[in-house]
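Participant: Before we start, here is the structure in question, set down as structure tokens.
Laboratory data are not the source of any read-out in this text; all were calculated from the coordinates shown. Please read these numbers as outputs of a predicted model, since none were measured by experiment. Here Cβ is always computed from backbone atoms with ideal geometry, including for glycine, and neighbour counts include all displayed protein chains.
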Amino acid sequence: MKSLSRRSFIAGSGVLAASVALAGCGQQQGSGGASGGGAKKLTFCLDYTPNTNHTGIYVAKNKGYFADEGLEVQIVQPAEDSAEALIGTGKAELGVSYQDYIANAYAGGNDGLVAVAAVVQHNTSGIMSRGGEGITHPAAMENHTYATWDMPVEQATIKHIVQKDGGDFSKIKLVPYTVEDEIAGLKAKMFDSVWVYEGWAVQNAAVQNMAVDYFSFISIDDVFDYYTPVLAANVEYAKKNPDVVKAFLRAAKKGYEYAIAHPQEAAEVLCAEVPELDSALVGQSQAYLSKQYQADAGSWGVIDGTRWSRFYQWLNDNKLVEKQLDVNAGWTMDYLA
């Protein structure tokens, strides 16, 4: 099973090399909502291949929530350009991005996209290692190997948490991230620790009955409680068509609320819409993520400006972006009801 990783973390220059494996999730196609005449057509760009981060979108399609809003939504995957490039240039009106990717886009001069809703309320990524080897906190990464993508923000994050935990970053042996499956890489002892999403790789380990240890970044420092992933919109399109963006978000919110209330059924919808997915992993992941979409927020999709700006300030302070960011830029709650 290939994994959902962040191999292209903050690079913003292309799509993920790894993809979700084609393992057979059933053959029934989702019914989808038939859109009547005059439906507003939208292109929605995923960040990677379909996975449980996207369940609410597929539920909204399958259950007819988009159609109910008078929308006909085409879901596409990024090809050579990143989702940020497609959304920022208006080739897709909306799509999936990440707060750190938006930071990189803005620093590089692409300010044509803006986050309009949080897909998952808190950062659910962290460090996974083989179970029982003691890497249960950052300082324990010393004298072990870590699979790196050789990205400045990635390595700065690891250095920060290790030092905060009283460890010495220089004692970690960095090895190239050369696999598409973190579980396979850990089993083969290609590395001892790796950055993963708890909602996918850790759940994949559970499906494969592999014992792993895991700690999250937000358990070490709140500065890393940034938004990953988010729904983003093309800025100009949203300004010219606010009612359409609001309608899209109403339907998407309804889709994610369904996934929160009915994780098993939502997993079945995702499998019906994307039958090549692994049903066991989708079910396991959905059970986890359904509790994370909204988490402790008042409602799904809310973005907290304090948390947003705190992470951008950290990027600025550590000189990890090409130019200083406006710490309050890149997001808006104007379109989310």
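Participant: What percent antiparallel are the DSSP beta bridges of the chain, to the nearest 5?
Facilitator: In the chain, DSSP labels about 55 percent of beta bridges as antiparallel.
Participant: Given labels modelled 7 Å from the Cα in the Cβ direction, how far is it in nm from Thr178 to Val302?
Facilitator: Each label point lies 7 Å from its Cα, and together they span 4.7 nm.
Participant: If you don't mind, another one. How far, in nm, would the chain grow between Asp334 and Asp243 when pulled straight, counting 0.36 nm per residue and subtracting the alpha carbon separation?
Facilitator: 31.7 nm
Participant: In the stretch 56-86, whose amide N lies under 13 Å from the spot 7 Å out along Cα-to-Cβ of Glu265? List them in ranges.
Facilitator: Only 59-60, 63-64 pass the distance filter.
Participant: Taking only DSSP H segments of four or more residues, each worth -39500 (n - 2.57), what value at 222 nm results for the chain once the sum is divided by all its residues, to the nearest 500 deg cm²/dmol?
Facilitator: -9500 deg cm²/dmol
Participant: Highest GNM mean-square fluctuation, the chain, Cα pairs closer than 10 Å: which of Gln294, Gln203, Gln324?
Facilitator: Taking springs between Cα atoms under 10 Å, the residue moving most is Gln324.
Participant: Now, a different point. So what does the Cα-only Debye profile of the chain read at q = 0.14 Å⁻¹, as log10 I(q)/I(0), no solvent term?
Facilitator: Each listed q maps to, in turn, -1.12.
Participant: Could I ask something else about it? In whole angstrom, how far apart do the alpha carbon centroids of the stretch 143-180 and the stretch 280-297 sit?
Facilitator: 28 Å
Participant: While we're here: Give me the lysines in straight-line cross-link reach of Lys173: C-alpha distance below 17 Å, same-chain residues under 8 apart excluded.
Facilitator: Answer for Lys173, where 17 Å is the Cα cut-off: Lys159, Lys189, listed by chain and number.
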